[in-house]
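The values are calculated or read from the model by the stated rules, or taken from the named source; none is laboratory data. All values derive from a computational prediction rather than experimental measurement. Cβ sites come from the backbone with ideal geometry, for glycine too, and all protein chains shown count toward neighbours. Surface accessibility is based on the protein's heavy atoms, side chains included, excluding ligands, DNA and RNA. Shrake-Rupley method; radii C 1.70, N 1.55, O 1.52, S 1.80 Å.
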Amino acid sequence: SILVFGSINMDVVTPLQRLPRPGETIHAGDIMLAPGGKGANAAVAAARLGGKVRFAGSVGTDSFGLQLRANLEREGIDTRALRDSTKSSGTAVILLNQASGQNSIMVGPGANAEATAPADPAWYAGAGMLMLQLETPVEAALDAARHARSQGVPVMLDPAPALPELPRELLSAVDYLLPNETELATLSGQPTDSFEQIVQAARSLVQNYDVREIVVTLGAKGALWLNAETSLHVPSIPVKAVDTTAAGDTFAGALSVALASGHSMPEAIRYAVVGGALACTRRGAQPSIPYRVEVLEKMSA
Ligand code: ADP
């Protein structure tokens, strides 16, 4: 099974013709509530893409929290390690400026700031992967990684949002590091403008931080796998991208399911690039995450 420890948010998506000025009230389009948060997105992706998933994190007991918990359960995800917090549920207010096409986003971490790693070794035992991101406290992620390693469970980290100062111990506890180009630049302190620079920057993380496997997501260009012995570029498939939200979370969920079920890294990345590409063809975070059959159909097409 796949373990996910991370953030869970309600996204309040607000379509606007322009941003309001201070003191002004304007009409928005129809406001949509959609479950999100990188942790919850990755959990939903792993579940839809064939994994048996357990999610741990922290959510409020407000109406958003009740909806977020029910949503994970509808996806067949085990939420017994999702704790109730007295703080409000994590909430992202997303202003979609329909005139400029640019989004403005405000995230209130709320309960996510209180998330702690499950302390019970039984939660980790026997799992095929622990997935982590950085929308919950770094100390908690490190704690979860330590528990997983002591149970022999491999650890995957999507280092998003990018933090320049990650504890060395966290990077060294990670088996699979999944930065995008921006996160790779931040972590390595090196430019990632060309393919050669990306290879260089990834190589420096392997050498300096003892990271075993790096998979850099390259947007429409697919993904690059690199470790101490080998490197491989797997191109994406051409799609008409309308909204890339949750593409990275879907990629991570797909990769962990494929690796945990025994596929080789090149096979797992092929599954993940198709999953990530399909997530770009639909709007929203979780509504855009594809199911296993859709990915398999696309792969054999
Ligand atoms: P993030 O969303 O974390 O920034 P990326 O934008 O690199 O990550 O997207 C993750 C994965 O989704 C990519 O590795 C790729 O497989 C797929 N993907 C993203 N954008 C596109 C696109 N425009 N066309 C096809 N595949 C895409």
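Remarks
- Sequence-distant residues sharing a close amide H with Ala81 (under 5 Å, placed H): Phe55
- Built amide H within the under 5 Å cut-off of Ile289, gap 5+: none
- Among the GluC sites (Glu not before Pro) in the range 65-173, those placed in a DSSP loop whose Cβ has at most 12 other Cβ atoms within 10 Å are Glu165.
- Secondary-structure-derived ellipticity at 222 nm for the chain, considering helices only, amounts to -10500 deg cm²/dmol, per-run term -39500 (n - 2.57) for DSSP H runs with n ≥ 4.
- Ratio of the Cα radius of gyration of the range 81-179 to 2.2 N^0.38 Å, where N counts its residues: 1.26
- Square roots of five times the Cα gyration tensor eigenvalues for the range 63-110, Å: 28, 14, 7
- Largest accessible area first, the residues Phe5, Phe195, Phe64 order themselves as Phe195, Phe64, Phe5 under a 1.4 Å probe with ligands, DNA and RNA left out.
- Two-decimal log10 I(q)/I(0) for the chain, as the Debye equation yields it once each C-alpha is a single scatterer, q = 0.07, 0.16 Å⁻¹: -0.25, -1.34
- Top positive-direction residue, dipole computed over the chain with Cβ charges, set Thr217, Ala254, Ala141: Ala254
- Per-atom-type breakdown for the chain gives carbon and sulfur 53% of the accessible area (1.4 Å probe, protein chains only).
- Rounded Å value of the spacing that divides the Cα centres of the range 185-210 and the range 17-95: 33
- When you work out D = kT/(6 pi eta Rh) for the range 1-57 at 10 °C and 1.306 mPa s, using the Kirkwood radius from C-alpha pairs as Rh and the Stokes-Einstein form, the result is 118 µm²/s.
- Spin-label proximity, Asp84 to the range 23-58 - amide N less than 20 Å from point 7 Å beyond Cα toward beta carbon: 55-58
- Histogrammed with a bin width of 10 Å, the alpha carbon distances of the range 113-248 distribute as 12, 41, 33, 14, 1 percent, first bin at zero.
- Stretch in the chain that is longest and holds no trypsin sites (Lys or Arg not before Pro) that DSSP places in a loop and that have at most 12 other beta carbons within 10 Å: 19-239
- Per residue accessible area in Å² of the chain, where ligands, DNA and RNA are left out and the probe is 1.4 Å: 44
- Straightening the chain between Leu296 and Glu24 buys 93.0 nm, computed as 0.36 nm per residue apart minus the Cα-Cα spacing.
- Rolling a 1.4 Å probe over the protein heavy atoms leaves Met32 with an accessible area of roughly 90 Å².
- For the chain, size of Cβ-based charge dipole, Lys and Arg +1, Asp and Glu -1, in debye: 520
- 22 Å Cα cut-off, lysine pairs counted over the chain (separation 8 or more, or different chains): 6
- Counting only heavy atoms of the protein chains and using a 1.4 Å probe, Asp30 has close to 140 Å² of accessible surface.
- Principal axis dimensions, the range 174-295 - Cα atoms, whole angstrom, descending: 38, 31, 21
- Take the Cα of Ile105, step 7 Å toward its Cβ, do the same at Ser261, and the gap between the two points is 2.8 nm.
- Using a Förster distance of 22 Å, the FRET efficiency for Ser204-Thr244 (Cβ separation, nearest 0.05): 0.25
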